[in-house]
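Asks: Structure below; questions to follow.
The values are calculated or read from the model by the stated rules, or taken from the named source; none is laboratory data. Note that this is a predicted model, so its numbers are computed, not measured. When we count neighbours, we look across all protein chains shown, and the Cβ atoms used for this are built from the backbone with ideal geometry, even at glycine. Areas reflect the complete protein model, heavy atoms only, side chains present, ligands, DNA and RNA absent. Shrake-Rupley method; radii C 1.70, N 1.55, O 1.52, S 1.80 Å.
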Amino acid sequence: MKLHTTLSTLFTAGLLAGTLSSCAPTFTTAYQLEPVSGDVAMIDGRPVTKAEQNGIGVVASFEREDLEFVTLDIEVKNRTDHPIEVNPADFRLTALGAAQDTLTDPNNPGIILLRAAADPTYEAGRIGLKRKLEEKRLKKAKVLNTILMVALVASDVSSSSKSRTYREYIGNRTAHGLGYQGLAVKRAIDYSTFADRMQRYDYEEYRWRELALKANTVAPGESVRGFVYLPKVAGAHYLAVNYTIPEQASIPLLFKQELIREKKGRQRR
């Protein structure tokens, strides 16, 4: 790695870190969903809807925004005379516009924008791989940091041994000082990113194991409850959610979606 590239990389890291630490995010955006179909009632201060077909009932409410998902609190009730198979991945959403017209997929304009709810079993199985990839990323960052340090020290020693004017000496010390500072910042960012992502994966594992609606066989007269995680669709005004049990029921639920944008003042230390 060339010296000027090394110093440039570390100098940029130092400036970027200073900028990020001095300013808070200007805007935050939050997703809000409200049921607008079925039998809607206020329960514990929030709107809850219920719908039923062929003895299979669904009770649903918006729980919260959760990372890359919007979360519905779902209860599926079996009022039939036979067991039913409940699978959260059988929940589907269709994105609708302001006039409740179907939207098309931005990546494929010829296809209606459809999304399936997350499958907790599949998502939980990916956590181990995510952790391993993050560990590999940190190891690569450590190797790069070592290379940068060796190059920086070599440059420092080499340049310090040469005779320079006072101005050149000051410029050299300033450049290398920024280089050492930038390397320290980069290391801190690498470890902070690793810790944040590993903490997120711990939460995701808990979410899929403890909170999500699981695939279940539900006996007659029984019900099952849990969270269903739907992918975010930023451009939708409505989400047409449909729960289907093949050859038994297809239960529609309609939610109005709002993106609430809040402006926050810039904060400096």
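Asks: Inspect all residues belonging to segment 217-233 and state whether any of them is open to solvent by 30 Å² or more (accessible area, probe 1.4 Å), in a helix (DSSP H, G or I) and within 16 Å of Arg64 (Cα to Cα).
Replies: no
Asks: Which numbered condition trips up Tyr169, out of (1) hydroxyl-bearing (Ser, Thr, Tyr); (2) closer than 30 Å to Pro252 by Cα; (3) at pLDDT below 90?
Replies: All conditions are met except number (2).
Asks: While we're here: Is it the case, given these coordinates, that Leu129 is closer than 20 Å to Glu204 by Cα, hydrophobic (A, V, I, L, M, F, W, C), in a helix (DSSP H, G or I) and open to solvent by 40 Å² or more (accessible area, probe 1.4 Å)?
Replies: Spelling it out, Leu129 is indeed closer than 20 Å to Glu204 by Cα, hydrophobic (A, V, I, L, M, F, W, C), in a helix (DSSP H, G or I) and open to solvent by 40 Å² or more (accessible area, probe 1.4 Å).
Asks: Need pairs with beta-carbon distance below 9 Å; first residue at negative phi and within segment 97-122, second part of a strand (DSSP E or B) and of a type in the set (Asp, Glu); sequence gap 6+ or separate chains.
Replies: Matching pairs, first to second residue: Ile111/Asp105; Ile112/Asp105; Leu113/Asp105; Leu114/Asp105.
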